[in-house]
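Enquirer: Here it is, the structure in full.
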Amino acid sequence: MARGRRRRDEIAPGNGDPPRRRDWFAPFMWGVLAAGSGMVLANSLATRRRRALPVRLIRGARSGVAPVVVIPGIMGSRLMRPDGTPVWLNIRNAVGHYDLTLPLTLPLTESRDDLVPGPLLGTTAVMPRLFGFTEYYDLLDILAAAGFNSSPPKDGHGPTHHVFSYDWRRDLVETARRLHESLEALAEARGDPGARFNVIGHSMGGLVARYYLRYGTAEPGGPVTWAGARRIANLILVAVPNGGGIHALEAMLYGNRVGLSHTTLAAPVIARMPSVYQLMPPRGAAALLDDKLEPLDVDLHDVATWDHYGWGPFAPARRGLDLSDEGARDKSRAFLEAALVRSGAFHRALAREPENQCPVRVVLLGGDCLPTIARGIVPDKRGLPPRFVPWHRKENDAMFEAGDGRVTRASVLASHLPLAEQSVLGCGLPEVADAVFGSADHHGIYREPTFQSILLRLLLRPVKSTVPVVADPAAAG
């Protein structure tokens, strides 16, 4: 009987092939059931705190501690429809598609849709953490364990933390202005016109914080005024690509896969996000190599570079980004040029040497234990995009550097800038007072005890009552 059932469950072979079984359905359904049960269990545990910090890390007074403001990196804020339905990140992004493309409209300020920023990714739902977005859950975890509340206590005492969510697709200068509005609103809600905050900028969020510290709400192009210092007590930059990251160019040319979906963050979608251009390495960061592994002296923020190599909308028609006619290609080229002009101005503003010393403390935290891609290889043929995967050991050694798996140590330190040669830290940013590196990856840095200790000692330090004398950011703008 058993052998009879087995023969009925076999599909007749052909061409001498062995029998193929069709009894896959039951194991498949058991797998689906197990996965679904796991998701239900994970969701039920999503809001539970997982650890208590060692007492020695959080012992001390809480009086005079500045409120904390967390600025996430790219893709770190959920994006919501006006009715509150999340469209990033949800299950549809991972197995299907939701169109996150911004309109191909100029000026860039008019390229917007109706999506609004929501909570930190991975803090209110478990699914984003399954895709590796664990850092913000970890960060809020240790803040809560250290006594930071998400809202002011009833007695009015005790430290608090706030989250600055933003649309991570848009121009970072625009985001810095939104940060200004948020900090002003928080100061008004506290009834303290002189309120200052400990700001944690993670990854791209650190670039937003640095711009705000330097210029407030002003447009790029003017002198460094330190206008944002009136609202910042300490600025902690965690895994920030101060020297850019070559993966931004890779994403614009190849796209990013989200779970099983190749369309949610496809190349044409990412190519319409002004913020991604501002993540690309500036000139001097030696981000590209030729086919002989020699550095190329090119400016990724110059549209002539894209035209010269035949990238993006300048690619041959067979490799075009869904550009069906020349009119569409011209429109895309105009958008590209505007985004590159903006990103170039943004990087020059962050690299400008100030006339006065930074009035607040700025600290860098980063990882340097993992091989991290720093350069791409440009083929010797127009129209072929750079290669970001090494073919042999020599290419691997030329393309990778120490970092956290996402951002290199050199980028965190902005070591391409001239001031790096004079700095005892090897850092090209004059505002940075200290830099600490250790064994941590980009998404797991807040789980490392050493970084937890450093972070909490900075955040729990009482703020001096004196306020830096700097320009009002609104006036500076």
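Enquirer: Which members of segment 331-340 meet the condition of being in contact with a helix residue (DSSP H, G or I) (Cβ under 8 Å, 6 or more places away or on another chain) and either in a loop (DSSP other than H, G, I, E, B) or surrounded by fewer than 21 Cβ atoms within 10 Å (Cβ to Cβ) (or both)?
Expert: ARG333, GLU337, ALA338
Enquirer: On to the next question. Examine segment 295-311 for a residue that is in contact with a helix residue (DSSP H, G or I) (Cβ under 6 Å, 6 or more places away or on another chain), without any contact (Cβ under 8 Å) to a residue 40 or more places away in the chain and either under 17 Å from LEU104 (Cβ atoms) or hydroxyl-bearing (Ser, Thr, Tyr) (or both), and state whether such a residue exists.
Expert: yes
Enquirer: I've got another one for you. Just to be sure I understand, how many residues within segment 167-198 are closer than 23 Å to SER343 by Cβ and in contact (Cβ under 8 Å) with a residue 24 or more places away in the chain?
Expert: Residues flagged as closer than 23 Å to SER343 by Cβ and in contact (Cβ under 8 Å) with a residue 24 or more places away in the chain within segment 167-198 amount to 13.
Enquirer: Condition first: open to solvent by 10 Å² or more (accessible area, probe 1.4 Å) and either within 20 Å of SER439 (Cβ to Cβ) or in contact with a His (Cβ under 7 Å, 6 or more places away or on another chain) (or both). Can you find one or more residues in segment 386-401 that meet it?
Expert: Checked against the condition, which is being open to solvent by 10 Å² or more (accessible area, probe 1.4 Å) and either within 20 Å of SER439 (Cβ to Cβ) or in contact with a His (Cβ under 7 Å, 6 or more places away or on another chain) (or both), segment 386-401 yields at least one hit.
Enquirer: Could you grab me the full set of residues in segment 170-219 that are of a type in the set (S, T, N, Q) and open to solvent by 10 Å² or more (accessible area, probe 1.4 Å)?
Expert: SER182, SER203, THR217
Enquirer: When you look at LYS394, is it out of contact with any strand residue (DSSP E or B) (no Cβ under 7 Å at 6 or more places or on another chain), of a type in the set (Lys, Arg) and closer than 27 Å to LYS292 by Cβ, yes or no?
Expert: yes
Enquirer: With the condition kept exactly as written, say whether any residue in segment 154-163 is on the phi > 0 side of the Ramachandran plot and free of Cβ contacts under 8 Å to residues at least 60 places away in the same chain.
Expert: Our first condition is that a residue be on the phi > 0 side of the Ramachandran plot; within segment 154-163, this holds for 156, 158.
Okay, now just the ones that are also free of Cβ contacts under 8 Å to residues at least 60 places away in the same chain, so 156.
Yes - at least one qualifying residue is present in segment 154-163.
Enquirer: Would you check if THR264 is closer than 30 Å to PRO379 by Cβ, touching a Gly at 6+ places or on another chain (Cβ under 9 Å) and either of a type in the set (Val, Ile, Thr) or in a strand (DSSP E or B) (or both)?
Expert: Answer is yes for this residue.
Enquirer: Only one of LEU102, LEU120, LEU57 is crowded, with 17+ Cβ neighbours inside 10 Å, closer than 23 Å to TYR212 by Cβ and at pLDDT below 90; which?
Expert: Numbers: LEU102 fails: at pLDDT below 90; LEU57 fails: closer than 23 Å to TYR212 by Cβ.
Sole residue among the options that is crowded, with 17+ Cβ neighbours inside 10 Å, closer than 23 Å to TYR212 by Cβ and at pLDDT below 90: LEU120.
Enquirer: Tally time: how many residues in segment 267-303 are small (Gly, Ala, Ser) and not in a loop (DSSP other than H, G, I, E, B)? Spell out how you get there, then give the answer.
Expert: Here is the first cut: in segment 267-303, the residues small (Gly, Ala, Ser) are 267, 271, 275, 284-287.
After this cut, where a residue has to be not in a loop (DSSP other than H, G, I, E, B) as well, the list is 267, 275.
Within segment 267-303, residues that are small (Gly, Ala, Ser) and not in a loop (DSSP other than H, G, I, E, B) number 2.
Enquirer: Follow-up question, since we're still on this one. Has segment 149-159 got any residue that is in contact with a strand residue (DSSP E or B) (Cβ under 8 Å, 6 or more places away or on another chain), among the hydroxyl-bearing types (Ser, Thr, Tyr) and modelled with pLDDT under 95?
Expert: The answer is yes; a qualifying residue exists.
Enquirer: When SER411 is evaluated against the numbered criteria (1) open to solvent by 60 Å² or more (accessible area, probe 1.4 Å); (2) in a helix (DSSP H, G or I); (3) more than 18 Å from LEU213 (Cβ to Cβ), which criterion, by number, is the only one it fails?
Expert: The failed condition is (1).
Enquirer: OK, next. Looking only at residues in segment 241-272 that are without any contact (Cβ under 8 Å) to a residue 24 or more places away in the chain and under 18 Å from ARG329 (Cβ atoms), which one is most open to solvent (accessible area, probe 1.4 Å)?
Expert: Here is the first cut: in segment 241-272, the ones without any contact (Cβ under 8 Å) to a residue 24 or more places away in the chain are 255-257, 262, 266, 270.
Within this subset, residues satisfying the condition of being under 18 Å from ARG329 (Cβ atoms) are 266, 270.
On the way: ALA266: 23, ILE270: 6 Å².
In this case the residue turns out to be ALA266.
The values are calculated or read from the model by the stated rules, or taken from the named source; none is laboratory data. Source: prediction; values computed, not measured. For neighbour counting, all protein chains shown are included, and Cβ atoms are generated from backbone atoms with ideal geometry for every residue, glycine included. In case anyone asks, the SASA skips ligands and DNA or RNA and just uses the protein heavy atoms, side chains included. Shrake-Rupley method; radii C 1.70, N 1.55, O 1.52, S 1.80 Å.
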